[in-house]
1. For the stretch 346-439, state which chymotrypsin sites (Phe, Trp or Tyr not before Pro) are in a DSSP loop and have at most 16 other beta carbons lying within 10 Å of their beta carbon.
2. Ignoring everything except DSSP H segments at least 4 long, calculate the 222 nm mean residue ellipticity for the chain; use -39,500 (n - 2.57) per segment, divide by total residues, nearest 500.
3. Once both labels are modelled 7 Å past Cα along the beta-carbon direction, what's the Arg339-Asp445 spacing in nm?
4. Treat each spin label as a single point 7 Å out from the Cα along the C-beta direction, and report the Arg352 to Lys231 distance in nm.
5. Compute the separation of the alpha-carbon centres of the stretch 242-301 and the stretch 1-49 and state it in Å as a whole number.
6. Calculate the FRET efficiency for Lys183 and Lys369 from the Cβ-Cβ distance with a Förster distance of 51 Å, rounded to the nearest 0.05.
7. What are the residues whose amide H is under 5 Å from the amide H of Val345, where those residues sit 5 or more places off or on another chain and H is modelled from the backbone?
8. Between Val403 and Ile120, what length comes free when the chain is fully extended (0.36 nm per residue of separation minus the Cα-Cα distance, one decimal in nm)?
Amino acid sequence: MCGIIGISDHPEASKIAYLGLYALQHRGEEAAGIASYDTQVHIIKDRGLVFDVFNEAALDSLKGSVAIAHTRYSTTGSSNVKNCQPFLVTHRNRPIAVAHNGNLTNTEELYRKLEDEGSIFQTSMDSEILVHLLAKTPNHDYKKWFVDMLAQLKGAFSVVFMVEDTLVGARDRQGFRPLVLGKLGDGYMLASETCALDLTKAEFIREIEPGEIVIIKGSKIESLFLPGCDKSKKAQCIFENIYFARPDSHIFNDNVYLVRKRLGAQLAKESPVKDADFVMPIPDSGVYAALGYANELKVPFEVGMIRNHYIGRTFIQPSQFLRDFRVRVKLNPISDVIRGKKVIVVEDSIVRGTTSRSRVREIRKAGAKEIHMRITCPPIIFPCFYGIDFPSSEELIAYGKTVAEVAKFIEVDSLEYLSLDGMLSVMKDSGAFCHACFTGKYPVDVPSNKSKYQLEGKA
Ligand code: 5GP
Ligand code: MG
């Protein structure tokens, strides 16, 4: 998963982009980058958090009124410096930079075809394919150029390009990943989520539609659509609502916080627990759903565990003595609240099951009498090919197991998941979502080579 930003026609484009990246830090913590353009292109990118990658001097050097930016969470290619974005090339003296969120599903076909035609790739990211395709597509007219290029892609892409001083934004035909448009002074801002517009005081205009391309030059914006767009085939990633997006964002025509509360309330209707003392979330991601659950069940809500927001990266290797250190440094249960209590623990999702198990152990050690876990999505049993790092089925804890078996692994007294119908029932447009990770119903054909390292010869 990644976060992307595009800014046009603003005297401090790179600084706005930087603030926007701060708001999108949750979408990727591995690397960050900004490219800007005045009469030439400027770019700074590196591994690390937004705060680590930029300082004042760096931002001052990113001159120009147009910028694109990216925070990275690797889904294709490993986490090395070459794979940071924006990805920049110069073709016939024209700089082209791209920042991409999502995974293409025809990566391998496109890569092999381009290599057969003589392309030389520098990275193992599917995003590099975009600039090679651009360079090869006849480009007398921007509209035709981008439609012809983007029409060759399959799978998930929300993407921003900067070609000299022109900003282009686009979303794949299914609209897997979010992308929103805002007005910023005379110019425009594109961002993965509206929380980035809020921070920079850009005014939300609308979402970029699935299959839409916007071409922005200065304060002028043009919109066009990829051929073959079909509104009835929208497949927005429901996991953005469940876990990924920030709760203060408005994406997919809804507010993420309110969706999560509704998911929690629906779960309480489906799977209540009798005579519980209180509902507690696993912070932070489970908080909003737990609120919805507690309100619906009319059971008190307690914060039984505190999250440390300053952990960063630690150099201490846990010894036998400090064996639970990694879990406790991030989340510490409040034993005075938990001791002797029958607790309902609400969590947004279980993926591999390992962190859930260690947190449950901590709650148990803090003295809980009974632990009943409730999850606001169905069991995740299929990998994601559209940008979320859900691994092979074998690594997913719910794959091939009954709910009772997962409960045993997580070491809880009871475990219930939200039903598929229940989850969809609280969405505003329930037919417009991809839920392949729960159902295996992939809206776009999945690649035959499923490794995220498919372009590194490791697969
Ligand atoms: P598990 O118990 O499966 O090891 O971890 C479940 C936890 O991981 C939940 O708290 C959930 O919020 C979180 N989670 C779900 N999806 C992702 C993801 O894509 N990345 C990260 N870092 N955490 C995730
Ligand atoms: Mg979580």
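1. Tyr399
2. So the helix-based figure for the chain works out to -7500 deg cm²/dmol.
3. If labels sit at Arg339 and Asp445, their model points lie 6.2 nm apart.
4. Label-label distance for Arg352 and Lys231, simple model: 4.2 nm.
5. 32
6. That gives a FRET efficiency of 0.40.
7. Met280, His372, Met373, Arg374
8. Extending this stretch completely gives an extra 97.1 nm.
Quick note: the coordinates plus some simple rules give every number you see, no bench work behind them. Source: prediction; values computed, not measured. Positions of Cβ are generated from backbone atoms using ideal geometry, with glycine treated the same way; all protein chains shown enter the neighbour counts.
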